[in-house]
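Quick notes on the structure that follows.
The values are calculated or read from the model by the stated rules, or taken from the named source; none is laboratory data. What you are looking at is a predicted structure, and each value in this text was computed from that prediction instead of being measured. As a convention, Cβ positions derive from the backbone with ideal geometry for all residues, glycine included, and neighbour counts pool all protein chains shown. Keep in mind that these areas ignore ligands, DNA and RNA; they rest on the heavy atoms of the full protein, side chains included. Shrake-Rupley method; radii C 1.70, N 1.55, O 1.52, S 1.80 Å.
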Amino acid sequence: MADKNVSFPTAEYCVTFPRNFLWGAATAAYQIEGAWNEDGKGESIWDRFSHTEGTVRNSDTGDVACDHYHRLDEDIKIMKEIGIRAYRFSISWSRIFPDGHGLVNLAGLDFYNRLVDKLLAARIQPFATLYHWDLPQKLQEIGGWTNREVSSHFADYAAVLSKHLGDRVQNWITINEPWVIANIGHKTGEHAPGIKDEKMALQVAHHLLLAHGKATQALRADNSNTKVGIALDMRPTAPASDAPEDIEAATKTWSREARWYMDPLFKAYYPPDIWTEYGSKVPVLKPRDMSVISQNLDFLGINYYTRTVVSDSGVVSKIPGSQYTEMNWEVTPESFCRLLVDISREYNLPPIYITENGAAFNDRISPTGEIEDEDRLSYLKNHLIQARVAMEDGVNLQGYFVWSLLDNFEWALGYEKRFGIVHVDFDTLKRTIKKSGHWYSSAIKNFGFPSAKDEHEQIASAAAQRSERR
Ligand code: IFM
């Protein structure tokens with residue numbers, strides 16, 4: 001049984017969530033599927049990148065990853081055992097279109113058809129992401145996301161998926177973390193396709209937003225029930241001190257990283273001050289682009305892990321007294337709440353889902369084989385508490401997807417960093433639900449979890465303050 005390690009006592013204080021709150025878990029194709037060249041799949045930029053010496057720690061690749069492609073039944077059984085109500089996965093574009101466009105690979109479609117059918121049979125809602133970083137290599141050869149044409153190929157790909165899966169998949173996420181794709185893939189070059197050019201990165205960011213807009217139209221064309229969103233990574237920025245220069249630096253960082261995406265999506269323009277700052281590096285736009293980008297969304301996906309503390313001289317790497325994960329990311333649950341409240345006040349947002357939240361920590365394996373990941377458990381618990389406070393403060397939060405269901409390929413860092421609530425032994429591929437997974441399972445079944453008195457009071461006080469404001 002999934003909840004063998006965690007029995008919730010009849011607690012005096014509990015954090016409870018609405019009955020219709022959606023409890024989920026998330027993964028991405030390249031990080032878990034493996035089968036990189038099977039059943040007609042084309043090469044992706046991540047296949048090419050990870051096969052290039054010196055790009056990924058320990059020369060790890062996603063060739064096998066968690067072998068999810070061949071272990072679908074086992075993985076869905078685990079999801080069912082944990083009790084997740086929704087599963088966010090991504091579709092590998094080059095499984096569907098080996099060349100990025102043109103001929104459809106039916107075997108690729110069949111894999112996702114089976115996945116969706118099996119999820120529905122297990123009463124798990126599918127949330128499909130169209131693009132989680134694995135561009136078909138053939139499209140990279142015509143310039144990848146720097147080429148505007150790729151945004152139209154993306155819309156065609158979206159249309160094919162909508163036609164084949166749209167009768168069963170209601171919720172679609174167009175693009176995962178455009179900031180990471182543009183900046184880490186095209187400015188610092190640490191991710192595929194490994195380009196280091198800021199001007200190109202800004203054009204890529206624009207084409208990603210455009211691709212999102214075009215795909216939104218394509219997904220909605222055939223199915224009136226379709227719900228579409230995008231998943232943005234957000235790191236709220238905090239100034240290192242009250243000094244005006246630090247405050248200014250933090251505000252600028254937030255504008256470059258978050259507003260650069262939020263403003264086009266929800267206000268139909270790029271932040272004017274940053275546009276001016278970029279000078280000749282600004283992207284080329286066509287007249288109707290901003291209206292394609294800014295059409296109404298059914299939900300906004302937010303991926304939250306940490307905040308960034310900024311001073312006039314740059315990002316502050318260690319805050320004394322703070323806890324850090326194995327990614328060197330500060331653990332800051334209160335910033336999560338603040339972020340949700342602040343963006344809900346500033347923008348006219350659709351309902352929000354947390355499409356990723358989780359932590360990489362080294363797991364302790366007990367002599368009897370239990371995975372004791374107390375740090376991850378506390379991280380999830382404290383972030384869920386802050387999500388609940390935000391809801392009481394008026395944030396329209398509909399659900400939460402833990403990152404990740406399984407330990408998996410953490411991009412340029414290979415398999416060293418484990419985010420899963422399910423442990424994967426990468427030698428044998430054996431899966432073991434971790435203590436955090438058992439805890440999450442109990443939280444889902446109980447619509448919440450026991451809490452300390454002060455945690456409970458924090459939620460009550462957010463509710464009271466909100467009703468005073470009304
Ligand atoms: O593993 C990644 C995921 O692919 C995108 N969001 C952040 C996660 C942790 O780095």
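With respect to Glu198, determine if the residue is open to solvent by less than 40 Å² (accessible area, probe 1.4 Å), among the charged types (D, E, K, R) and within 19 Å of Trp254 (Cα to Cα).
no
Among the conditions (1) surrounded by 15 or more Cβ atoms within 10 Å (Cβ to Cβ); (2) assigned to a loop (DSSP other than H, G, I, E, B), Leu115 misses just one, which is (2). The conditions of being modelled with pLDDT of 95 or more, in contact with a helix residue (DSSP H, G or I) (Cβ under 7 Å, 6 or more places away or on another chain) and within 11 Å of the ligand (Cβ to nearest atom) are not met by Leu397. Cβ-Cβ contacts under 9 Å between residues 6 or more apart (or on different chains), taken from a first residue in the range 442-457 that is aliphatic (A, V, I, L, M) to a second residue that is in a loop (DSSP other than H, G, I, E, B) and at pLDDT 90 or above, are listed as Ala443/Phe17; Ile444/Gly83; Ile444/Ile84; Ile444/Arg85; Ala452/Tyr13. Of all residues assigned to the range 169-189, at least one qualifies as being within 12 Å of the ligand (Cβ to nearest atom), of a type outside the set (A, V, I, L, M) and part of a strand (DSSP E or B). Looking across the range 118-128, the residues that are open to solvent by less than 10 Å² (accessible area, probe 1.4 Å) and either aliphatic (A, V, I, L, M) or at pLDDT below 95 (or both) come down to Leu119, Ile124, Ala128.
Among the residues examined, Lys41 does not qualify as open to solvent by 10 Å² or more (accessible area, probe 1.4 Å), more than 20 Å from the chain's Cα centre (by Cα), away from the ligand (no atom under 16 Å from the Cβ) and without any contact (Cβ under 8 Å) to a residue 60 or more places away in the chain. Residue pairs whose Cβ atoms lie under 8 Å apart, separated by 6 or more positions or on different chains, with the first residue in the range 176-195 and within 13 Å of His207 (Cα to Cα) and the second among the aromatic types (Phe, Trp, Tyr) and within 14 Å of the ligand (Cβ to nearest atom), are Ile181/Trp133.
Could you tell me whether Ser313 is of a type in the set (Gly, Ala, Ser) and open to solvent by less than 40 Å² (accessible area, probe 1.4 Å)?
So Ser313 does not fit the description; no.
Can we say Lys214 is in a helix (DSSP H, G or I), open to solvent by 50 Å² or more (accessible area, probe 1.4 Å) and either in contact with an Asp or Glu (Cβ under 6 Å, 6 or more places away or on another chain) or at pLDDT 95 or above (or both)? It is false that Lys214 is in a helix (DSSP H, G or I), open to solvent by 50 Å² or more (accessible area, probe 1.4 Å) and either in contact with an Asp or Glu (Cβ under 6 Å, 6 or more places away or on another chain) or at pLDDT 95 or above (or both).
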